[in-house]
Amino acid sequence: MTGHLLTPAASGLPSPWCDTTHRRTSAVGELAHTAETERDVYGVLEVAAVSRSALGPPPEWPDSVWELYWDFEDALGTRLNVLMPTFGELCTDTFEDAFRSWQAPGTDAWPGDGVVAEMARWWAVSVIGGLAHDALGWLERQAAQLLDPERAVATAERSARGRVETDTAVTLLHTLGARTPEAAEGALFRIARTQSLGDDDRAWARRWLRSLRLPRAEEWAAAEPGESEEPLLPAVVRELPYGWAEGFVWPDTEPDQWRLDRAARIVAACEPLRRADTPGPESDWNEESDEDEPQWLEIRAVLRPLVPYARHVTRERMTRAVAECRFVGVPGVPEAGEEAGEEEFIERWVGWIATWIAQEAEEWIRRAEAGRDQGAGPRAHDR
């Protein structure tokens, strides 16, 4: 081994943690839970955090250099692990020799030595991330048996906020919520607000924070609205038995006159609530789309379990839903104390809910009157 060690703190790790190849993942998967192994895993994650911090932030390369790096990693990623099978052999010279010997298709200009050294550093980040992934995964598999779940929470939070292996650390925290709910929730709360993380990482933390809090939201929503609550939808709409979890979709029931009349009354009652200035989303979000998820999608994920039926859409519950969005850290929600902004937010969302309800009622009327699709299932909406 020659050259500068890329991860010196990890060079003394014991087996199987010192291995940088796929063999480590297999060996870690076979480790049974013991007090000694649990302590070892915390030590490994401490080394990973120190190493990741020393490797620094992502490079600021132009797109052409990033493309060259990804092409190289795709072509020789496994080969690099063979050339440097342990952390004690992870060095700049071996990486640079491998890069210089690689012939990139259609590449005329090669980056300078400084850029190749940066590539070596960034590749080491991914290797450390793999180490942390295996260690965090072991903790998640052994979550029910951990002797020190509070330490596991603290270790996972450090791994996430330190950009060591954020995705796996966040899912571990969600799993640990069964053992230490307050500590896990607090960690996810802080991760969701860590500005040094990327938008996707913070959104991932918010997703699992919502999931951890979901049982409480469902328990609260299970109670029927009290007489003191102010309903925000008309009475005929509040009688709708089809919930938001199914997108307010009407089932394929027999289109008798009573149902047709009720659907027409619901459409008419919703009409004044539709807002021309802020029209709601007209179609369901396609999760396979290349576009970024719209902001309203995350807000809807918070609202639906809190106001699962039209009768639950009251001022008090919508105010609670806004507070929950704010707690989780969802972007685009008025700050505490912004009364005008909160009022407008609630009004907009009530209008969107009314619009979705009316659209489904209109669709059912259209199908019923046309006499088509008899016996077919309802449209797979996800309003």
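The values are calculated or read from the model by the stated rules, or taken from the named source; none is laboratory data. Please read all numbers here as calculations on a predicted model, not as lab measurements. Because the Cβ atoms are built from the backbone with ideal geometry, glycine has one as well, and the counts that use them run over all protein chains shown. Accessible surface is based on the protein model in full, side chains and every heavy atom, while ligands, DNA and RNA are left aside. Shrake-Rupley method; radii C 1.70, N 1.55, O 1.52, S 1.80 Å.
Considering Trp250, Trp258, the condition of being open to solvent by 40 Å² or more (accessible area, probe 1.4 Å) and aromatic (Phe, Trp, Tyr) is satisfied by Trp258 alone. Restricting attention to the range 327-382, and to residues there that are at pLDDT 85 or above and part of a loop (DSSP other than H, G, I, E, B), which single residue is surrounded by the fewest Cβ atoms within 10 Å (Cβ to Cβ)? Restricting to residues being at pLDDT 85 or above and part of a loop (DSSP other than H, G, I, E, B), the top hit is Glu335. Please indicate, with yes or no, whether at least one residue in the range 159-168 is in contact (Cβ under 8 Å) with a residue 40 or more places away in the chain, open to solvent by 10 Å² or more (accessible area, probe 1.4 Å) and in a helix (DSSP H, G or I). Looking for residues that are in contact (Cβ under 8 Å) with a residue 40 or more places away in the chain, open to solvent by 10 Å² or more (accessible area, probe 1.4 Å) and in a helix (DSSP H, G or I), one finds none in the range 159-168, hence no.
So which of Leu131, Leu146, Leu173, Leu136 ends up being crowded, with 18+ Cβ neighbours inside 10 Å, closer than 16 Å to Leu45 by Cα and free of Cβ contacts under 8 Å to residues at least 40 places away in the same chain? Write out each step before concluding.
Details: Leu131 fails: free of Cβ contacts under 8 Å to residues at least 40 places away in the same chain; Leu146 fails: free of Cβ contacts under 8 Å to residues at least 40 places away in the same chain; Leu136 fails: free of Cβ contacts under 8 Å to residues at least 40 places away in the same chain.
It is Leu173.
Are any of the residues in the range 178-185 in contact with a Gly (Cβ under 8 Å, 6 or more places away or on another chain) and surrounded by 17 or more Cβ atoms within 10 Å (Cβ to Cβ)? Step through it out loud before you land on a result.
Applying the first criterion (in contact with a Gly (Cβ under 8 Å, 6 or more places away or on another chain)) to the range 178-185 yields 184-185.
Now narrow it down to the ones that are surrounded by 17 or more Cβ atoms within 10 Å (Cβ to Cβ): 184-185.
There is at least one residue in the range 178-185 that is in contact with a Gly (Cβ under 8 Å, 6 or more places away or on another chain) and surrounded by 17 or more Cβ atoms within 10 Å (Cβ to Cβ).
For the range 285-326, filtering for residues that are at pLDDT below 90, outside any loop (DSSP other than H, G, I, E, B), open to solvent by less than 70 Å² (accessible area, probe 1.4 Å) and not aromatic (Phe, Trp, Tyr) leaves 1.
Among the criteria (1) open to solvent by less than 30 Å² (accessible area, probe 1.4 Å); (2) under 30 Å from Ala144 (Cα atoms); (3) at pLDDT 95 or above; (4) out of contact with any Phe, Trp or Tyr (no Cβ under 6 Å at 6 or more places or on another chain), the one Leu55 does not fulfil is (2). Of all the numbered requirements in (1) of a type in the set (Phe, Trp, Tyr); (2) open to solvent by 50 Å² or more (accessible area, probe 1.4 Å); (3) modelled with pLDDT of 95 or more, Trp70 misses one, and that requirement is (3).
Determine, yes or no, whether Val116 is free of Cβ contacts under 8 Å to residues at least 60 places away in the same chain, surrounded by 14 or more Cβ atoms within 10 Å (Cβ to Cβ) and of a type outside the set (S, T, N, Q). For Val116, the condition - free of Cβ contacts under 8 Å to residues at least 60 places away in the same chain, surrounded by 14 or more Cβ atoms within 10 Å (Cβ to Cβ) and of a type outside the set (S, T, N, Q) - is met. In the range 313-344, which residue that is closer than 21 Å to Leu232 by Cα and among the β-branched types (Val, Ile, Thr) is farthest from the chain's Cα centre (by Cα)? Per the criteria, the residue is Thr314.
The residue that is nearest to Glu38 (Cα to Cα), counting only those in the range 135-157 that are under 18 Å from the mean Cα position of the chain (by Cα) and among the charged types (D, E, K, R), is Glu140.
For Ala245, the stated conditions do not hold, so it cannot be described as open to solvent by 30 Å² or more (accessible area, probe 1.4 Å), among the hydrophobic types (A, V, I, L, M, F, W, C), within 30 Å of Thr155 (Cβ to Cβ) and in contact (Cβ under 8 Å) with a residue 60 or more places away in the chain.
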